[in-house]
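One structure below.
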Amino acid sequence: MKKLYILFCTAWLSLTGFAQYKYDNVLFKTVFLQDLCNELNSHPGAFLLDVRSPGEYADTSFMAMNLGRFKNAYNIEARELGKRIGEISNYKDKPVFVYCSHSQRSRRASKMLADSGFTQVFNINGGITGLRQLPAASNTCLYNKFETKKTYNIISATDLCNKISKARNDIFLLDVRDDSAFNHISPDARMNAYGYFKNTVHIPLADLEKQISNVPTGKEIIITDIFGDDATQAAELLKTKNYQNVSVLLEGYDRLLYTDPAQLPCMASAYVSKLPYKMINAQQLQGFLATTKEYLFLDARTTEEFTNKHKNYWQNLGHLQNAINIPAADISNQWAKIENYKTKPVIVYVFTGGAAAHETADALVKRGFTNVMVLQGGIFNIGWTAANIKGFVSLAGLRADIPAEN
């Protein structure tokens, strides 16, 4: 399933494009999820437009993308909007709130609406995944506006961590990734980068049905994996076996590592990582840069990506300020460029995730570098976080030499 998930994400990225951020609060307004209820209450009769695929809208799509929808939202897929825009022409001068899964397609749709004469367009930053990542108890207003056909729960990293911190004995942590990834012996270095919570029971998805007796019936079963795809399949299986209280960690440990550690009190004591280096996400990076003066951004992408000459235009995102480019495949031949950073922070990044960043980090550690970090989500997530997570707009200034189209 890992390959299917990555292929899906690659196709999604190539379709969405990246230039939309420059239209934020210029052609249309943007709304952070924390402010959405107030905005909706301030615009009675607002129209909600869901621009995901019909399958995502109906919870019948690719497993991990079945995340529910806002109540009473109208669905027109982003790539169909141009020829179906007449269906919503009555809302040209009324508030239209646009959303998708991660707030990329919705930006493209918001620009199209604004270009077509819609005068009150609001893009919902973060999309449905952003909503599902918010703690449920402190966001009841938003969740009351939400619905899903799924019979299992989707739990945020924050809510899961809060349950673990309280040492609750009524939860059962079940990890369904394959053996090589769970045991950190996968040939794919990225798959080995994800840890797990203490007291987790590991049963690979392929073996779950025949080992179902090892899963208790009287507890909340919280299923984890790397990206969320295998976990959702496991949840569907457990529901067919009459398990009543089943939850899935939203987008798996991958999403957890995107979360601000300040929201995850359990990580220090309960999260187990086998990495010889650290992971750092965009939200952590903002705090790190505020207190650290000497560090190295090591760009492990190909020279074509670093110089904005990749054949896929959407992969040409410039680079981080003052970064040194050493492609992962060339690291062993270019130590002289970075030897003076052996005891200083070295932050390795690529486009998004990718094994190359982890392979480079491993090579650095073996070479004797003592303060190595991999940037979760790569350079793409720097721009995404700046645009979609409240309080992190300053991250946008970290990128340099961005082509006009991106």
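The values are calculated or read from the model by the stated rules, or taken from the named source; none is laboratory data. Computed from a prediction, not measured in an experiment: that's the story for all the values here. Positions of Cβ are backbone-derived with ideal geometry, glycine not excepted, and every protein chain shown enters the neighbour counts. Just the protein is used for accessible areas: all its heavy atoms, side chains included, with ligands, DNA and RNA removed. Shrake-Rupley method; radii C 1.70, N 1.55, O 1.52, S 1.80 Å.
Take E305 and tell me if it is surrounded by fewer than 18 Cβ atoms within 10 Å (Cβ to Cβ) and over 23 Å from G130 (Cα atoms).
no
Restricting attention to segment 30-45, which residues are touching a residue at least 60 places away in the same chain (Cβ under 8 Å) and either in a loop (DSSP other than H, G, I, E, B) or open to solvent by less than 40 Å² (accessible area, probe 1.4 Å) (or both)?
If the condition is that a residue be touching a residue at least 60 places away in the same chain (Cβ under 8 Å) and either in a loop (DSSP other than H, G, I, E, B) or open to solvent by less than 40 Å² (accessible area, probe 1.4 Å) (or both), then T30, V31, F32, L33, L36, C37, L40, H43 are the ones that fit.
Here is a yes/no grid of residues against (1) closer than 26 Å to N381 by Cα; (2) in contact with a helix residue (DSSP H, G or I) (Cβ under 6 Å, 6 or more places away or on another chain):
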{"residue": "R79", "(1), (2)": "yes, no"}
{"residue": "G86", "(1), (2)": "no, no"}
{"residue": "K94", "(1), (2)": "no, no"}
{"residue": "C100", "(1), (2)": "yes, yes"}
{"residue": "G117", "(1), (2)": "no, no"}
{"residue": "T129", "(1), (2)": "yes, no"}
{"residue": "N139", "(1), (2)": "yes, no"}
{"residue": "N153", "(1), (2)": "no, no"}
{"residue": "S165", "(1), (2)": "no, no"}
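Of all residues in segment 368-382, which are surrounded by 20 or more Cβ atoms within 10 Å (Cβ to Cβ) and among the β-branched types (V, I, T)?
V372, V374, I379, I382
Quick check on my filter: what residues within segment 171-208 are assigned to a strand (DSSP E or B) and either aromatic (F, W, Y) or within 30 Å of A328 (Cα to Cα) (or both)? Walk me through it before giving the result.
Step one: list which residues in segment 171-208 are assigned to a strand (DSSP E or B), which gives 171-175, 196-197, 201-202.
Those that are assigned to a strand (DSSP E or B) and either aromatic (F, W, Y) or within 30 Å of A328 (Cα to Cα) (or both): F172, Y196, F197.
Please find, within segment 256-278, the residue that is nearest to W384 (Cα to Cα) out of those that are in contact with a helix residue (DSSP H, G or I) (Cβ under 7 Å, 6 or more places away or on another chain) and open to solvent by less than 30 Å² (accessible area, probe 1.4 Å).
Within segment 256-278, the match that is nearest to W384 (Cα to Cα) is T259.
Residues that are farther than 23 Å from A167 by Cα and of a type outside the set (D, E, K, R): list the helices (runs of 4 or more DSSP H) wholly contained in segment 209-290 that include at least 3 such residues.
Answer list for segment 209-290: 229-240.
Taking V51 as meeting all but one of (1) farther than 28 Å from D230 by Cα; (2) touching a residue at least 12 places away in the same chain (Cβ under 8 Å), write down the number of the exception.
Evaluating V51 over (1) farther than 28 Å from D230 by Cα; (2) touching a residue at least 12 places away in the same chain (Cβ under 8 Å) leaves (1) as the failure.
Go through (1) surrounded by fewer than 22 Cβ atoms within 10 Å (Cβ to Cβ); (2) within 30 Å of K239 (Cβ to Cβ); (3) touching a Leu at 6+ places or on another chain (Cβ under 6 Å) for A157 and report which single condition fails.
All conditions are met except number (1).
Taking segment 208-237, which residues are open to solvent by 40 Å² or more (accessible area, probe 1.4 Å) and of a type in the set (D, E, K, R)?
Matches in segment 208-237: E209, K210, K219, E236.
Does N340 satisfy the condition of being in a loop (DSSP other than H, G, I, E, B) and either open to solvent by less than 20 Å² (accessible area, probe 1.4 Å) or of a type outside the set (S, T, Y) (or both)?
Criteria not met by N340.
Just one of the numbered conditions (1) of a type outside the set (S, T, Y); (2) touching a His at 6+ places or on another chain (Cβ under 9 Å); (3) on the phi > 0 side of the Ramachandran plot is not true of A400; which one?
(3)
Confirm whether R168 is outside any strand (DSSP E or B) and buried (at least 22 other Cβ atoms within 10 Å of the Cβ). Spell out how you get there, then give the answer.
Details: outside any strand (DSSP E or B): yes; buried (at least 22 other Cβ atoms within 10 Å of the Cβ): no.
So R168 does not fit the description; no.
Tally the residues that are in contact (Cβ under 8 Å) with a residue 40 or more places away in the chain, surrounded by fewer than 20 Cβ atoms within 10 Å (Cβ to Cβ) and on the phi < 0 side of the Ramachandran plot, restricting the search to segment 308-319.
So the answer is 3.
Every residue in segment 224-246 that is in contact with a strand residue (DSSP E or B) (Cβ under 9 Å, 6 or more places away or on another chain) and under 12 Å from P204 (Cα atoms), please.
Answer for segment 224-246, where residues must be in contact with a strand residue (DSSP E or B) (Cβ under 9 Å, 6 or more places away or on another chain) and under 12 Å from P204 (Cα atoms): T224, D225, D230, A231, A234.
Evaluate the following for D207: is it modelled with pLDDT of 95 or more and under 19 Å from the mean Cα position of the chain (by Cα)?
Spelling it out, it is not the case that D207 is modelled with pLDDT of 95 or more and under 19 Å from the mean Cα position of the chain (by Cα).
Starting from residues that are aliphatic (A, V, I, L, M), touching a Phe, Trp or Tyr at 6+ places or on another chain (Cβ under 9 Å) and open to solvent by 10 Å² or more (accessible area, probe 1.4 Å), keep the ones in segment 122-143 and report whichever is farthest from Y21 (Cα to Cα).
Filtering segment 122-143 for residues that are aliphatic (A, V, I, L, M), touching a Phe, Trp or Tyr at 6+ places or on another chain (Cβ under 9 Å) and open to solvent by 10 Å² or more (accessible area, probe 1.4 Å), the one farthest from Y21 (Cα to Cα) comes out as A136.
Every residue in segment 67-87 that is farther than 24 Å from R132 by Cβ and in a loop (DSSP other than H, G, I, E, B), please.
Listed by number, the list is empty, since nothing qualifies.
Against the conditions (1) in a helix (DSSP H, G or I); (2) in contact (Cβ under 8 Å) with a residue 60 or more places away in the chain; (3) buried (at least 18 other Cβ atoms within 10 Å of the Cβ), where does V365 fall short? Just the number, please.
Result: V365 fails condition (3) only.
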